[in-house]
Amino acid sequence: MTAPDQAVAEFDRPPLIRPTISELQDSKIVEVWKLGFTTPDVIGLWVGEGDLPTPSFICDAAVASLQAGETFYTPKRGIAELHQALIDYHRDLYGVRLAAERIAVTSAGMNAMMLVMQAIISPGDNVVVVTPVWPNLAATIEIMNGEVRELALDSTPAGWRLDLDRLFAACDRRTRAIYLASPGNPTGWVMPAEQQQAVLEFCRRRGLWIIADEVYARLIYDRKVAPSFLSLAAPDDRLFVVNSFSKTWAMTGWRVGWLIMPAGLAPIFDKLMEYNTSGGQTFLQRGCVAAIRQGEGFVAETVARYRAARDLVVQRLSAMRKVRVTRPEAAFYLMLHVDGMEDALHFAKRLVHETRVGLAPGSAFGAGGEGFLRLCFASSLPRLSEAMDRLEKVLD
Ligand SMILES: Cc1ncc(COP(=O)(O)O)c(C=O)c1O
């Protein structure tokens with residue numbers, strides 16, 4: 001051993017990677033999804049995206065921008081035209097007037113969520129998360145060395161319900177925020193406006209942030225849009241609203257979304273975004289302007305298509321003897337409870353082998369998800385019918 005090596009050996013060698021990062025878990029959805037690569041002819045209903053490509057009027061706007069040479073650095077929080085389109089969108093949908101400085105165009109909902117956690121979580125802080133929940137969300141808190149404190153929705157015969165007393169009791173001195181996704185993934189749960197008002201008042205009293213994930217706000221089957229915290233909050237309330245182009249306009253691969261923050265935080269987010277991505281892409285944002293300005297017809301068609309898909313799978317699954325389902329009010333997921341299923345991950349893998357239908361294990365979505373499988377019904381009716389025929393063999 002040489003002298004310098006000896007000197008190093010006197011200290012503990014630092015880990016290669018921060019333990020928090022090396023200990024991050026693989027998503028259990030991905031674990032089942034990978035089986036799809038080796039199993040021929042699988043009908044995969046495990047991942048949360050639609051089956052149609054982005055409509056051409058959106059793609060054309062992005063292509064035209066590229067061809068016009070819009071390939072340079074761009075303002076950190078997004079181009080002015082997209083801010084204006086989003087201001088008009090929120091005015092028309094919710095009757096709220098947003099200032100452009102409250103909007104940040106992000107690399108989809110995922111990056112918006114990460115930016116929020118970077119801004120508010122110190123090591124040891126906790127976020128109370130209403131579950132079952134999209135698994136990536138928990139990772140954004142863990143990466144910041146925060147604690148995920150799960151509060152499960154109740155599964156009732158009438159659908160999923162949130163117990164506000166239990167939610168408030170879960171908050172303590174180290175709680176920085178309450179995270180709520182409404183409409184929810186994987187449940188399709190929609191938070192009533194009265195509950196939003198109660199949460200807003202509680203968070204005001206306690207100085208907590210509300211992180212409202214509204215990426216499925218438009219995929220709702222009995223009205224035009226889901227209730228939003230934006231309709232209730234004042235511009236200086238501690239509220240972040242996360243949204244995305246991914247689901248509503250069939251743009252999952254574009255990776256563009258937006259974050260609404262309280263007035264006055266723009267300089268903070270300018271810095272954070274500079275050091276994360278240094279801003280988005282102008283040409284993608286031109287496509288997003290087209291989505292907002294010309295996309296209402298597409299949204300209406302998409303919702304009608306998903307409503308028919310939902311009705312078909314609910315009707316078929318309800319007739320299977322081992323299955324219990326409630327009709328989701330929104331989003332494009334359905335949680336099916338399987339009688340006697342003890343390990344959802346194991347069962348989901350079994351279904352791939354025996355029926356060649358891919359579903360996600362409910363246990364991937366945290367507390368309250370075990371005992372369930374998640375099915376994404378954003379697909380064509382013939383494909384869904386075929387999936388139901390196959391599932392029947394095991395579930396009936
Ligand atoms: C509840 C929820 N929030 C946010 C996202 C993020 O989507 P994206 O990063 O594609 O905008 C997803 C994606 O599945 C989701 O289900």
Looking for whichever is among the hydroxyl-bearing types (S, T, Y), under 22 Å from W254 (Cα atoms) and free of Cβ contacts under 8 Å to residues at least 60 places away in the same chain here; the options are S56, S27, S22, S65. Which one fits?
S56
Residue in the range 240-268 that is nearest to C59 (Cα to Cα), counting only those that are away from the ligand (no atom under 16 Å from the Cβ) and surrounded by fewer than 22 Cβ atoms within 10 Å (Cβ to Cβ)
A266
Restricting attention to the range 32-43, which residues are out of contact with any Phe, Trp or Tyr (no Cβ under 7 Å at 6 or more places or on another chain) and not in a loop (DSSP other than H, G, I, E, B)?
L35, G36, F37, T38, I43
With respect to D236, determine if the residue is at pLDDT below 95, surrounded by fewer than 16 Cβ atoms within 10 Å (Cβ to Cβ) and more than 16 Å from the ligand (Cβ to nearest atom).
no
Quick check: is even one residue across the range 179-196 modelled with pLDDT of 95 or more, aliphatic (A, V, I, L, M), surrounded by fewer than 21 Cβ atoms within 10 Å (Cβ to Cβ) and farther than 23 Å from G371 by Cα?
yes
Do you know which of the residues in the range 140-158 that are of a type in the set (A, V, I, L, M, F, W, C) and modelled with pLDDT of 95 or more is farthest from I29 (Cα to Cα)?
M144
Could you check P53 against (1) surrounded by 15 or more Cβ atoms within 10 Å (Cβ to Cβ); (2) under 22 Å from the mean Cα position of the chain (by Cα) and say which number it fails?
(1)
Please find, among I58, I29, I17, I21, the residue that is surrounded by fewer than 19 Cβ atoms within 10 Å (Cβ to Cβ), aliphatic (A, V, I, L, M), on the phi < 0 side of the Ramachandran plot and in a helix (DSSP H, G or I).
I21
Please state which of the following conditions G358 fails to meet, knowing it meets all the rest: (1) surrounded by fewer than 24 Cβ atoms within 10 Å (Cβ to Cβ); (2) farther than 25 Å from V129 by Cβ.
(1)
Of the numbered conditions (1) outside any helix (DSSP H, G or I); (2) away from the ligand (no atom under 16 Å from the Cβ); (3) under 26 Å from M114 (Cβ atoms); (4) not hydrophobic (A, V, I, L, M, F, W, C), K224 satisfies every one except a single condition; which is it?
(3)
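Looking at the range 77-100, which of its residues are part of a loop (DSSP other than H, G, I, E, B) and buried (at least 20 other Cβ atoms within 10 Å of the Cβ)?
Once the filter is applied, which keeps residues that are part of a loop (DSSP other than H, G, I, E, B) and buried (at least 20 other Cβ atoms within 10 Å of the Cβ), the range 77-100 yields R77, G78, I79, L98.
The values are calculated or read from the model by the stated rules, or taken from the named source; none is laboratory data. Please read these numbers as outputs of a predicted model, since none were measured by experiment. Please note: Cβ atoms are built from the backbone with ideal geometry, for glycine as well, and neighbour counts cover all protein chains shown.
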